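Sending over a structure as C-alpha cells; questions will come in a sec.
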Amino acid sequence: MSFHSTAAQLATLAAEGEGHGGNHESLSPYLTGGAALFILLFLLWITTRFNRDR
C-alpha cells in the first residue's frame, strides 16, 4: 500500500465521521477536565511527597 492511497483512505474515513461530534451524550467536558486536573494534581502531590532530595 502506497503513502498516497493510505492518505486517501484516511481522508475518506475522517470525512465520514464529520457531524457526529465524537462525544458521548453523558460526558460533560467540565467534569472530565476537572477530574483530569484533580488526578494530575494528586499525582504531583504524591511525587513531591516521595522526593527525598530536598
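The values are calculated or read from the model by the stated rules, or taken from the named source; none is laboratory data. From a predicted model like this one, the values you see are computed outputs, not experimental measurements. Ligands, DNA and RNA are excluded from the accessible area calculation, which covers all protein heavy atoms including side chains. Shrake-Rupley method; radii C 1.70, N 1.55, O 1.52, S 1.80 Å.
Could you rank Glu25, Glu16 by how accessible they are, 1.4 Å probe, largest area first?
Ranked list, largest accessible area first: Glu25, Glu16.
Mind checking the full-extension length gain between Ala8 and Ile39? Use 0.36 nm per residue of separation minus the Cα-Cα distance, one decimal, nm.
Result for the pair: 7.3 nm of gain on full extension.
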